[in-house]
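First comes the structure, then the notes that go with it.
Every read-out reported here was derived from the displayed coordinates using simple, explicitly stated rules and does not represent laboratory data. Quick caveat, the model's predicted, so the values are computed rather than measured. Ideal geometry is used to build each Cβ from the backbone, glycine not excepted, and the neighbour counts take in all protein chains shown.
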Amino acid sequence: MLVLQLLFSLPKILFYNFRFLPFRTALKLPLLVHHSVKISLKTGAKIHIKNPEFGTIKIGFYEGSLRAGKGRLVNIQLEKNAVWIMTGKVTIAKNSYIQIYQNGVLECGEEFRANYGLLIKCHVDIKFGNDALLGWKCTFMDSDGHFIVNSLGEIVNGDEKIQIGNHNWICSNVTIFKGTSTTNNCVIAYGATIAGKFYEEGIILGGNYPGKVLRTNISWK
């Protein structure tokens, strides 16, 4: 089945690799995209794939848990001067939407794996460390989407970067808001809404906004 999908997707794979990547990188075909995937880059936007090999990046082939993403599309948009950096293997399932706004930077570390329903809206800077495992329907937003001003006309809700540490398991239906930072070996529990900086390694985070530490001294595999 995968072979047939690759054959049907070959025209788009060739187009996106040679359209968006440097020629020598494109020759390796590191970017494997399903024929239903749509990627658009505005002026100055770039995709950087470090250590490219054939199939390093796979987008839209995995249907997600219980095949819940079957038949759904993937839409990726990079606005003017936006940058998407991938330092290793990346797998993004169907029914996902990624938008990197003007001058924004999204970075995915080694072994980035996202289940179906991923939503990333990157206005300034979102960074995932190595070995990030994302459950279904996870949302990451480093902006509120609209600015709020006080009586002096000053913005009171500016954008803030998101930084996810190495070996983080982000369970399903999790929302990560601007300003969130985690360290290594963390778990974010199902349905959590997180907005804060957490400096301790080996913790479980969960609960409603802004989230809290539920357990310490843990590891996961």
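Assorted remarks:
- 222 nm mean residue ellipticity, helices alone, for the chain (DSSP H n ≥ 4; -39,500 (n - 2.57); rounded to 500): -3000 deg cm²/dmol
- The value obtained for segment 179-221, namely the Cα convex hull volume divided by the number of residues, is 58 Å³ per residue.
- Phi to ³J(HN,Hα) by Karplus 6.51 cos²θ - 1.76 cosθ + 1.60 over segment 154-159, Hz, x for Gly, Pro: 8, 6, 10, 9, x, 5
- On Cα atoms only, tilt of 2-20 relative to the major axis of the chain in degrees: 80 degrees
- Ascending count of other beta-carbon atoms within 10 Å, so fewest first, for 96, 40: 40, 96
- Loop-located chymotrypsin sites (Phe, Trp or Tyr not before Pro) in segment 129-165 (DSSP state not H, G, I, E or B) with no more than 15 neighbouring Cβ atoms inside 10 Å: 147.
- Going from the fewest other Cβ atoms within 10 Å to the most, the residues 151, 143 appear in the order 151, 143.
- Cα centroid separation, segment 76-90 to segment 155-213 (Å): 22 Å
- Between amide H atoms placed 1.01 Å from N, distances below 5 Å from residue 130 occur with 110, 166, 167, all of them 5 or more places distant or on a separate chain.
- Descending semi-axes in Å of segment 53-176, equivalent ellipsoid built from Cα gyration tensor: 27, 16, 14
- Comparing Cα centroids, segment 1-43 and segment 91-151 end up 21 angstrom apart.
- Among the listed pairs 12/38; 94/121; 38/58; 89/121, those with a Cα-Cα distance over 19 Å are 89/121.
- Residue order, fewest to most beta carbons within 10 Å, for 144, 159: 144, 159
- Amide H to amide H, with H built 1.01 Å from N, residue 178 comes under 5 Å of 141, 143, counting only residues 5 or more places away or on other chains.
- Identified option (computed Cα extents along the principal axes in Å; candidates (1) 50, 45, 31; (2) 78, 40, 23; (3) 60, 31, 23): (1)
- GluC sites (Glu not before Pro) restricted to DSSP loop in segment 27-94 with at most 13 other C-beta within 10 Å: 53
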